[in-house]
Amino acid sequence: MNLEGYTLQLILKEIENGNLSPEDVNEFYHRRSADLNRVLNAYITLLDPEKSRPEGDLKGIAIAIKDNISTKGVRTTCASKMLENYIPPYDATAVSSLKKHGGSLLGKTNMDEFAMGSSGENSAFGPTRNPLNREYVTGGSSSGSAAAVAADMAPIALGSDTGGSVRAPASFTGIIGFKPSYGAVSRYGLIAYANSLEVIGILGKSVQDVSLLFKMIAGKDPMDSTSVNVELMEKNISKPRILVIKSFVELSADEVKKEFYSSIGKLESAGFEINYADKFSLTDYMLSAYYTIACAEASTNLSRYDGIRYGPKVESAGNWRDYISRARSFFGPEVKARIMMGTFILSAGYYETYYLRALQLRKIIKQEFEKIISGYDAVYVPTMPVLPWRIGNAIEDPKIAYAADVLTVLPNLTGSPAISLPVGKVREFFVGGQFIGLKDEDMKVLKVAEMAENVLQVKKSGRN
Ligand code: GLN
């Protein structure tokens with residue numbers, strides 16, 4: 001049996017029809033994962049298939065989970081030496097929701113350490129390799145979840161998106177990546193990087209697959225006071241009204257731009273209404289606002305890894321300074337750099353100059369976005385301004401990775417839903433395009449994306 005190219009929906013249908021059993025399915029993904037993981041490094045921990053056959057829509061199908069999402073009794077490392085042996089005593093709400101729907105765990109996927117990165121190169125367990133070309137990055141930080149889905153090592157996966165971490169690797173591996181509205185999915189059990197920006201998201205082979213899983217994990221949770229109930233009714237849209245922000249597209253490399261514009265032509269011929277905005281006046285400030293807020297929140301969140309509350313205990317030379325510096329040496333270089341930047345940004349005298357300004361910027365970025373999108377169903381722009389780069393490049397020059405986030409951070413600043421899908425092809429790689437909507441209108445962007453997926457057919461869903 002070979003399930004290459006199968007969507008989750010097709011698998012469920014085949015189980016329903018009696019052509020597949022959940023055991024066959026889990027056995028296929030487990031075997032293939034064990035095999036391919038040696039080269040792709042998509043999983044940090046691969047679990048043995050469960051024998052029980054739980055009740056529920058997912059029928060026991062095993063799902064890949066990013067390693068910053070807590071799983072009861074299963075090591076959760078955040079791809080960091082700091083949490084190398086951490087075993088959470090509870091499940092994240094998103095994980096318990098999947099289990100309630102009959103889902104099980106396939107394994108925990110590789111990522112940039114503490115979700116800080118855009119390429120999957122910042123993992124303490126080594127980079128994830130792109131299934132489309134193993135010398136190239138997968139995109140990050142949900143690198144392992146994307147590689148696993150793209151290489152048929154998992155039917156579907158959970159990731160997290162703070163500034164693009166679900167959409168970037170989806171774009172670089174040619175799959176679907178959905179970042180729900182802020183708060184639409186509970187963050188309880190998601191190990192924090194930058195709380196005010198992040199959300200658990202889904203990586204899959206079709207928009208319908210992603211939609212199916214989203215409805216299972218969405219909803220207000222008493223354990224996360226920022227969570228909300230978003231409308232989950234299917235939307236009916238006959239002629240999507242789309243707004244393309246030209247100043248975003250112009251930030252992209254020529255080959256990305258060309259494929260992206262050609263996708264617009266196809267959508268227009270299929271009846272999409274395409275409109276253009278010349279510019280988003282705050283384009284130049286999005287990255288600075290994002291990185292200022294993200295680093296500030298990271299420095300606060302990561303202060304708990306001090307070898308006392310969390311993190312390995314270390315030998316002490318007897319004084320606090322020495323203890324802390326040894327305890328914090330388990331962080332990798334990117335994490336250390338961000339903690340230092342964040343601490344600086346929040347320090348007396350600089351707080352007003354940097355942090356408060358970034359918060360003000362975020363507010364006006366949100367206002368401008370709400371203004372520009374009014375009257376349209378979604379904004380449509382490329383997901384990544386560049387194609388995947390060779391493994392190692394962003395380690396030599398971290399600015400490459402920061403700059404690559406320029407088109408993905410907007411929805412995190414505004415709390416909007418955004419979904420990336422393959423819209424073009426360059427050599428062995430795909431070009432991703434993303435539809436961004438108004439906060440809490442998740443079902444609308446999912447519908448628009450599904451319609452676009454049907455028109456563009458860049459990668460056929462179901463059996464390839
Ligand atoms: N690349 C961005 C960062 O490094 C986004 C990461 C993410 O979404 N977790 O902060």
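Does at least one position in the stretch 344-363 carry a residue that is away from the ligand (no atom under 16 Å from the Cβ) and under 30 Å from Ala449 (Cα atoms)? Yes: the stretch 344-363 contains one or more residues that are away from the ligand (no atom under 16 Å from the Cβ) and under 30 Å from Ala449 (Cα atoms). Of the helices (runs of 4 or more DSSP H) entirely within the stretch 84-200, those holding at least 1 residues that are away from the ligand (no atom under 16 Å from the Cβ) and of a type in the set (Gly, Ala, Ser) occupy 93-100, 143-150.
Yes/no matrix, rows are residues, columns are (1) modelled with pLDDT of 95 or more; (2) in contact with a Leu (Cβ under 7 Å, 6 or more places away or on another chain); (3) of a type in the set (Lys, Arg):
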| position | (1), (2), (3) |
| --- | --- |
| Gly5 | yes, no, no |
| Leu10 | yes, no, no |
| Val25 | yes, yes, no |
| Phe28 | yes, yes, no |
| Ala34 | yes, yes, no |
| Tyr43 | yes, no, no |
| Lys51 | no, no, yes |
| Ile63 | yes, yes, no |
| Ser80 | yes, no, no |
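Each residue in the stretch 384-438 was checked for being more than 16 Å from the ligand (Cβ to nearest atom) and touching a Leu at 6+ places or on another chain (Cβ under 7 Å), and 5 of them qualify.
Taking the conditions exactly as written (crowded, with 24+ Cβ neighbours inside 10 Å, farther than 18 Å from Ala170 by Cβ and either of a type in the set (S, T, N, Q) or within 16 Å of the ligand (Cβ to nearest atom) (or both)), does Ala79 satisfy them or not? Yes, satisfied.
Within the stretch 314-357, restricting attention to residues that are over 26 Å from Gly120 (Cβ atoms) and among the aromatic types (Phe, Trp, Tyr), which residue is surrounded by the fewest Cβ atoms within 10 Å (Cβ to Cβ)? Here the residue is Trp320.
The values are calculated or read from the model by the stated rules, or taken from the named source; none is laboratory data. Keep in mind it's a predicted model, so treat the numbers as computed, not measured. Neighbour counts are summed over all protein chains in view; Cβ atoms, including those assigned to glycine, are modelled from backbone coordinates with ideal geometry.
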